[in-house]
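Let me begin by presenting the structure, written as structure tokens, before commenting on it.
The values are calculated or read from the model by the stated rules, or taken from the named source; none is laboratory data. None of the values given here were measured: they were computed from a predicted structure. With ideal geometry, Cβ positions are generated from the backbone for all residues, glycine too; neighbour counts draw on all protein chains shown. Side chains included, ligands, DNA and RNA excluded: accessible areas come from the protein's heavy atoms. Shrake-Rupley method; radii C 1.70, N 1.55, O 1.52, S 1.80 Å.
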Amino acid sequence: MKKRLLMALTVSFLFATSAFAHPPINVYVDSQAVSFDQAPIIINDRTLVPMRAIFQALGSEVSWYEPTKTVTSTKDGDSFVLVIGQTGLYKNGQLVYSMDVPAQIVNDRTMVPVRAIAEAFDAEVNWDSVGYVITIFSAEDATQNSYSTTVEAEDGTVVLSYKMSLAQSSNQYAAQMEKVLLAEAEELAKDFVNTYGAKAKKDYEGAKAAGNSFAPYYSVGSYEITREDSALVSFYGTSTGYTGGSETVRSCSSHTFSAKNGKEQKLSDLIDDSQKEIEAFWSTSFGTLIDEKPTGFYSDAKKRLEKCMDKVGFYLTADGIAFYLPPETIAPKEAGIISFTMKYEF
């Protein structure tokens, strides 16, 4: 039975701000965004990332031995060892990579150059110097639940790539919905190629003729399963893209399905409030976020909010609903996706 929205809610909101002179660095491992409690940093033109978070994202276990400041990572019978302050990375006792910048500890986190990860795991690492995005693709990535495509120039250089990945479901409820999302990804990939493929080729040839560097166009994203049970299955996706110029573009989307018949659910299918009541609720809730930290929003954020109610999205969590607004709707790009969650029983 549908119920009305609870007017009492707990708001949770975090701003993503950079403590460095460069924009925040976003990292994707096999198209899955990686979260850090210590942001990646750049030292002597080398990008360093938290070792534990990246290695675990690649399926490797990490241990720390305090007396010698030694980090050991193991995966599939292979061991990788490095010592804080030293430049050597060892695989099964053999030196496989000498880092330009040694492994070091920043805010209690072991930081290593991202290129060392490629050597350790035979992974492909790409650095977008325009959008400050690192993409890492492991040798096992071909088994991921994903759709991808590329566009090549006449000389074989990849000038555009698209990839959308889905989290693997732990049971049967999300299986039929994943097929829907992969079909959607295929259509989005076709649109991306049709819109930007020719332009990417032209820009590459122009840069090549002028002797300039070229940053490939890309769109990389992933969906996570935010709720999955015998009643409802919900997905929340984010993506980052670059199509020339000086900035990357972030976007987000979500889908909620009935686990019983696979039909996609609108918010009105789940709650009993009228559209007018829902918009009043959003106005109050997002307005609370603006009042709590007005300097993080546009000066006319509340006026913008009233004009972009059609952009509010939602997804379900284990115990409630999350509502969100895409980047740059009521706050600058640096603030990212604006969202809040509330407890709600279905």
**Asked** Got a sec? Which strands (runs of 3 or more DSSP E) wholly within region 106-151 have at least 2 residues that are open to solvent by 30 Å² or more (accessible area, probe 1.4 Å) and at pLDDT below 75?
**Response** 124-128
**Request:** Give the residue, chosen from Glu205, Glu247, Glu224, that is in a helix (DSSP H, G or I) and either open to solvent by 60 Å² or more (accessible area, probe 1.4 Å) or at pLDDT 85 or above (or both).
**Result:** Glu205
**Message:** Could you go through region 75-88 and let me know if any residue there is under 27 Å from the mean Cα position of the chain (by Cα) and either crowded, with 20+ Cβ neighbours inside 10 Å or farther than 30 Å from Tyr162 by Cα (or both).
**Reply:** yes
**Asked** Within region 278-293, can you find the residues that are open to solvent by 60 Å² or more (accessible area, probe 1.4 Å) and either under 19 Å from Glu184 (Cβ atoms) or modelled with pLDDT of 90 or more (or both)?
**Response** Glu279, Thr284, Asp291
**Asked** On the given criteria, is Thr68 β-branched (Val, Ile, Thr), over 14 Å from Ile117 (Cβ atoms), open to solvent by 50 Å² or more (accessible area, probe 1.4 Å) and more than 29 Å from the chain's Cα centre (by Cα)?
**Response** yes
**Message:** I'd like the residue in region 221-234 that is farther than 15 Å from Ile337 by Cβ and not polar (S, T, N, Q) and, out of all such residues, is nearest to the chain's Cα centre (by Cα).
**Reply:** Ile225
**Complete:** Per the list (1) free of Cβ contacts under 8 Å to residues at least 12 places away in the same chain; (2) assigned to a loop (DSSP other than H, G, I, E, B), residue check on Leu95 breaks on (2)
**Prompt:** When you go through Ala259, Ala331 one by one, which is the residue that is under 30 Å from Leu160 (Cα atoms) and open to solvent by less than 20 Å² (accessible area, probe 1.4 Å)?
**Reply:** Ala331
**Message:** Suppose we keep only residues that are small (Gly, Ala, Ser) and not in a strand (DSSP E or B) within region 22-55. Which one would you say is most open to solvent (accessible area, probe 1.4 Å)?
**Reply:** Ser35
**Prompt:** Which of the residues belonging to region 186-236 are small (Gly, Ala, Ser) and farther than 30 Å from Gly262 by Cβ?
**Reply:** Gly197, Ala198, Ala200, Gly206, Ala207, Ala209, Ala210, Gly211, Ser213, Ala215
**Prompt:** Restricting region 89-100 to residues that are among the aliphatic types (A, V, I, L, M) and under 15 Å from Ala118 (Cβ atoms), which is surrounded by the most Cβ atoms within 10 Å (Cβ to Cβ)?
**Reply:** Leu89
**Prompt:** In region 227-237, is there at least one residue being crowded, with 21+ Cβ neighbours inside 10 Å, among the hydrophobic types (A, V, I, L, M, F, W, C) and in contact with a His (Cβ under 6 Å, 6 or more places away or on another chain)?
**Reply:** yes
**Asked** Quick check: is even one residue across region 161-175 touching a Pro at 6+ places or on another chain (Cβ under 9 Å) and not small (Gly, Ala, Ser)?
**Response** no
**Item:** Hits in region 207-234 (condition: out of contact with any strand residue (DSSP E or B) (no Cβ under 6 Å at 6 or more places or on another chain) and among the basic types (Lys, Arg))
**Value:** Lys208
**Prompt:** Out of region 269-307, which residues are small (Gly, Ala, Ser), more than 28 Å from the chain's Cα centre (by Cα) and outside any loop (DSSP other than H, G, I, E, B)?
**Reply:** Ala280
